[in-house]
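Some notes on the structure that comes next.
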Amino acid sequence: MSTARSDPYETLGVRRDASPEEIKKAYRARARAVHPDVDKSDGAAERFSELQRAYAVLSDPEKRAKFDRFGHASDDVFAQTAASMDPDDLGSMFDAFFGARGAPGQSRAARRGRDIHRPIDVSFLTAVRGGTETVRVDSGSGVRTIEVKVPPGVQEGAKLRVRSGGEAGVGQASSGDLIVTVRIGKHPVYRRVTGAPKDLELDLPLSAGEAALGATVEIPAPDGKTVSLRVPAGTSTGATLRVRGHGIKPRTGEPGDLRTVVVVHAPNPDQLDDDQKRVLADLTAKTPAARDRFKN
């Protein structure tokens with residue numbers, strides 16, 4: 001039998017002092033090229049069997065030591081190795097590396113590819129409006145950039161599935177899926193409202209005059225437009241004013257609201273002239289202090 005006289009080091013293409021890691025790496029590289037499912041030329045099954053027998057010897061410290069000591073005089077090493085390998089399972093070592101099953105010369109059994117799980121960073125406005133984000137996936141067959149569709153109103157920690165975005169299937173089986181876990185970024189203006197998944201919130205700065213006398217102000221909406229909001233006279237810091245229907249707009253159902261939390265800003269005294277300061281002092285003297293409610 002020709003394989004009984006082959007040199008396993010030559011078969012794998014490694015030095016005689018090669019480490020176990022180098023032997024494994026060499027086997028992986030050659031097995032990919034000569035596996036009968038890849039190499040359709042005559043004798044492919046025999047070459048693959050020879051490669052596996054060589055790896056079976058060199059990956060076993062005892063068998064390797066025996067071959068190193070006796071060389072081809074130890075043909076029983078190869079005979080024992082070949083005899084111990086079930087012909088229906090010659091692909092077992094290849095399977096261990098590459099996840100395939102099947103004897104040389106036979107098609108591998110069809111098997112769906114594995115799902116791949118990855119986190120994905122989604123911008124705040126994409127999470128609100130919906131859109132697309134990309135994620136890079138290395139599935140062992142190269143790095144791919146996959147586009148993920150993000151539905152409007154997606155929540156932190158939600159899992160989105162991209163069909164057939166995972167590892168390739170074996171044989172005629174389908175690929176696995178890409179499953180991404182959403183991580184939503186912050187926004188300098190908007191916040192999500194706890195307990196109200198379709199509502200958004202922002203702080204609304206008002207001058208003392210606007211809060212005291214009332215005003216109509218323009219505020220930004222998450223769709224990029226501006227909307228008018230009527231501020232009632234006497235509005236205080238902490239009051240919440242709503243703009244109906246300008247929150248998150250899901251694909252189905254009613255949109256949420258945009259909530260504005262009032263923050264009244266006192267004027268900068270360095271920017272007031274003497275007349276303005278006198279007016280404010282007179283107004284303060286004639287207006288009951290909010291702290292009056294502390295009095296018994």
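The table for this structure:
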| item | result |
| --- | --- |
| Residue 214 over 30 Å from the mean Cα position of the chain (by Cα) and at positive phi | yes |
| Test: residue in the range 202-216 that is at pLDDT 95 or above, assigned by TED's automatic domain parsing to the domain that holds residue 255 and under 17 Å from residue 125 (Cβ atoms) | yes |
| Yes/no for residue 152 being surrounded by fewer than 16 Cβ atoms within 10 Å (Cβ to Cβ) and either in the same structural domain as residue 120 (by TED's automatic domain parsing) or assigned to a strand (DSSP E or B) (or both) | no |
| Test: residue in the range 247-259 that is at pLDDT 90 or above and part of a strand (DSSP E or B) | yes |
| Residue, farthest from residue 167 (Cα to Cα), within the range 177-197, restricted to residues that are of a type in the set (Gly, Ala, Ser) and touching a residue at least 40 places away in the same chain (Cβ under 8 Å) | 196 |
| Tally, over the range 114-135, of residues that are over 9 Å from the mean Cα position of the chain (by Cα) and charged (D, E, K, R) | 4 |
| Qualifying positions in the range 11-58 - within 37 Å of the chain's Cα centre (by Cα), surrounded by 13 or more Cβ atoms within 10 Å (Cβ to Cβ) and part of a loop (DSSP other than H, G, I, E, B) | 35, 36, 37, 39 |
| Failed item, numbered, when residue 197 is tested on (1) at pLDDT 95 or above; (2) assigned to a strand (DSSP E or B); (3) of a type outside the set (Ser, Thr, Tyr); (4) under 21 Å from residue 158 (Cα atoms) | (1) |
| Residue in the range 171-191 that is more than 18 Å from the chain's Cα centre (by Cα), in a strand (DSSP E or B) and closer than 27 Å to residue 123 by Cα present | yes |
| Within the range 203-222, tally of residues that are closer than 26 Å to residue 152 by Cβ, of a type outside the set (D, E, K, R) and either surrounded by fewer than 18 Cβ atoms within 10 Å (Cβ to Cβ) or in contact with a Ser or Thr (Cβ under 6 Å, 6 or more places away or on another chain) (or both) | 4 |
| Qualifying residue in the range 226-244 (condition: part of a loop (DSSP other than H, G, I, E, B) and aliphatic (A, V, I, L, M)) | yes |
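The values are calculated or read from the model by the stated rules, or taken from the named source; none is laboratory data. Predicted model only: the values in this text are computed from it and were never measured. No Cβ is skipped: glycine too gets one built from the backbone with ideal geometry, and neighbour counts run over all protein chains shown.
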